[in-house]
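One structure is given below, encoded as structure tokens.
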Amino acid sequence: MTIQTTPQAHRGRPRAFPSLEAKPAFTSRDPEAVEIAVEAIRLFAETHPRPSHVTQVQAAEMLHVSRATVNRLVKTGHLKLNTLGMIPIAEVDRVLVAR
């Protein structure tokens, strides 16, 4: 990756940014890199299990919608709450698959 600097200085130092011609460090054509990435994801998933239930705010983040939209989905019955007012992760997954 080549680095270019801007003519404007930031606190006395030029700011660096990657050139537009720079190639990404990772491409899907590199089987070894793909294997390493898959193993890293597997290890992360093993050490960071998904919660069985999430809050409405967490569900909104997972679904990439606002909290108000999640609240509307709950009120219309598209998302079901448990007895503690949390959303089972299976409900979030169901909505994601339906998209």
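The values are calculated or read from the model by the stated rules, or taken from the named source; none is laboratory data. What you see is a predicted model; the values in this text were computed from it and never measured. Positions of Cβ are backbone-derived with ideal geometry, glycine not excepted, and every protein chain shown enters the neighbour counts.
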*Scan segment 50-60 for residues that are exposed (fewer than 13 other Cβ atoms within 10 Å of the Cβ) and free of Cβ contacts under 8 Å to residues at least 24 places away in the same chain and jot them down.*
V57
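Anything in segment 42-52 that is outside any helix (DSSP H, G or I) and either modelled with pLDDT of 95 or more or basic (K, R) (or both)? List them, or say none.
Narrowing segment 42-52 to residues outside any helix (DSSP H, G or I): 48-52.
Within segment 42-52, R50 is the sole residue that qualifies.
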*at pLDDT below 95, among the aliphatic types (A, V, I, L, M) and outside any loop (DSSP other than H, G, I, E, B) - does that describe any residue in segment 81-89?*
yes
*Is there any pair linking a residue in segment 70-89 that is under 10 Å from V54 (Cα atoms) to one that is β-branched (V, I, T), with Cβ under 7 Å and at least six apart or on different chains, and which?*
L81/V74; L81/I87; M86/V54; M86/T55; I87/V54; I89/V54
_Top-ranked residue of segment 61-86 - restricted to ones that are of a type outside the set (A, V, I, L, M, F, W, C) and closer than 14 Å to R99 by Cβ, ranked as surrounded by the fewest Cβ atoms within 10 Å (Cβ to Cβ)_ = H64
